[in-house]
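Asker: The structure follows.
Nothing in this text is a laboratory measurement; each read-out follows from the coordinates by a stated rule. Everything numeric here is computed off the predicted structure, so don't read it as measured data. No Cβ is skipped: glycine too gets one built from the backbone with ideal geometry, and neighbour counts run over all protein chains shown.
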């Protein structure tokens with residue numbers, strides 16, 4: 001185990017000795033309140049203030065999202081004092097005052113349908129943030145979009161880390177490193193709190209609460225340039241009247257629109273994506289994601305307000321990113337030009353703003369609101385999908401990748 005993980009494990013052990021152990025007690029679980037935070041001697045701080053502190057320390061998020069090239073390129077803000085071991089790492093800065101702070105937000109995401117993995121997004125009216133936790137979060141934290149019900153979540157910041165992956169900030173455990181499937185060394189600004197008992201030393205389920213209309217950001221063709229920006233990253237956003245756009249791939253009429261530029265790369269949409277390869281590998285794919293013979297790959301479908309835009313970093317184009325493990329991976333996508341509504345978490349992926357891809361992560365298939373008549377038929381999909389797309393460069397059930 002890497003040294004930073006050991007430091008964090010020791011920290012958890014200290015906290016465990018004097019903290020709540022409700023997960024060991026049978027009967028109804030405790031739902032935490034503001035008064036409980038006061039009893040712990042904590043003061044509330046807004047999610048916006050937390051994210052602003054990262055920007056203050058590191059001069060903004062652009063250019064801080066890489067996990068290549070060593071710890072000096074991987075920027076991490078620890079909530080609390082740095083240990084003597086952590087001080088040797090250039091990337092880790094400490095915010096000592098945060099040891100006495102907590103944040104509180106409503107649940108705005110769910111992993112019930114398998115598309116959002118080990119992440120819980122919360123929103124407090126000032127900003128939203130991703131919490132990097134464990135699987136099965138929907139069992140512990142409520143989001144009922146059908147009935148607009150949610151739940152407060154409290155996060156004691158002491159000992160946690162605010163990290164940046166591809167310009168997307170999240171709160172989690174200690175920084176970690178490892179080798180990806182392409183054999184490339186990666187340095188991650190924080191890690192998941194994979195053990196629920198460990199996570200619940202800092203993350204507490206609160207009382208149930210209505211999800212208000214104001215908790216969902218409404219975007220349309222008239223306001224997308226002003227409504228969406230860095231401050232909205234992590235928020236639950238409804239894109240109203242947005243159009244599906246194929247790029248670099250033939251559509252249902254045999255027409256191929258120009259590909260989209262992402263930095264210097266031309267990216268096709270819709271597509272399956274082999275990740276962790278160094279340079280992503282793409283294949284034409286007309287379902288929400290790839291799940292064939294237990295090989296599961298991300299899928300990406302473009303939607304837009306600005307049909308003339310050719311660069312993913314500019315306003316008006318957004319990728320709906322779907323996991324091959326989601327329950328709706330193999331469902332058909334809308335036809336090119338179809339107009340509908342999409343509800344999901346607004347995120348970004350890229351090392352700099354001029355190379356960004358703005359991505360939408362869905363909690364449910366129900367949040368893709370398109371007419372049935374506007375979906376591709378199975379016959380259309382079979383005709384349009386190249387044979388090579390059924391044999392992507394994967395092996396060992398999708399765990400490793402090869403170009404052989």
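Asker: Taking a temperature of 10 °C and a viscosity of 1.306 mPa s, what whole-number D in µm²/s does Stokes-Einstein yield for segment 3-214 with Rh from Kirkwood over alpha carbon pairs?
Answerer: Taking Rh from Cα pairs, D becomes 90 µm²/s.
Asker: Can you give me the three principal axis dimensions of segment 93-146 from its C-alpha atoms, in Å, biggest first?
Answerer: Each principal axis gives a Cα extent; for segment 93-146 these are 38, 23, 16 Å.
Asker: Between 188, 390, 269, where does the largest GNM mean-square fluctuation fall for the chain, given springs only between Cα atoms within less than 10 Å?
Answerer: In the Gaussian network model the winner is 390.
Asker: Right, another one. Okay, helix-only estimate at 222 nm for the chain: each DSSP H run of n ≥ 4 adds -39500 (n - 2.57), divide by all residues, round to 500 deg cm²/dmol; what do you get?
Answerer: Theoretical 222 nm ellipticity from helices: -3500 deg cm²/dmol.
Asker: Still on this model: Apply the Debye scattering formula to segment 111-264, with a single equal point scatterer on each alpha-carbon and no solvent, then give log10 I(q)/I(0) at q = 0.15, 0.16, 0.20 Å⁻¹.
Answerer: Calculated log10 I(q)/I(0) at the listed q: -1.00, -1.09, -1.33.
Asker: Hey, in the GNM for the chain with a 10 angstrom Cα cutoff, which one of 384, 148, 168 fluctuates hardest?
Answerer: Per the Cα network of the chain with a 10 Å cutoff, 148 tops the list.
Asker: I would also like to ask the following. [x] -0.93, -1.11, -1.25; [y] -0.82, -1.15, -1.47; [z] -0.82, -1.06, -1.30: which one is log10 I(q)/I(0) by the Debye sum over Cα atoms at q = 0.11, 0.13, 0.15 Å⁻¹ as calculated from this entry?
Answerer: The value computed from this structure is option [y].
Asker: Which angle between 0 and 90 degrees, to the nearest 10, do you get for helix 47-58 versus the longest principal axis of the chain when only C-alpha atoms count?
Answerer: Long axis of 47-58 versus the principal axis of the chain: about 90 degrees.
Asker: Let me ask something else about it. Using only Cα atoms and rounding to the nearest 10 degrees, what angle (0 to 90) does helix 3-18 make with the longest principal axis of the chain?
Answerer: The helix 3-18 is inclined about 50 degrees to the chain.
Asker: If I build a Gaussian network model for the chain, linking alpha-carbon pairs within less than 10 angstrom, which residue out of 193, 281, 162 has the largest mean-square fluctuation?
Answerer: Among 193, 281, 162, the largest GNM mean-square fluctuation belongs to 281.
Asker: What list do you get for 372, 38, 83, 312 if you sort them by fewest beta carbons within 10 Å?
Answerer: Lowest to highest Cβ neighbour count: 372, 38, 83, 312.
Asker: Okay, moving on. Classify segment 279-404: rounded, prolate or oblate, from the alpha-carbon gyration tensor (a ≥ b ≥ c, eigenvalue square roots; a/c under 1.5 rounded; otherwise prolate if a/b is larger than b/c)?
Answerer: oblate
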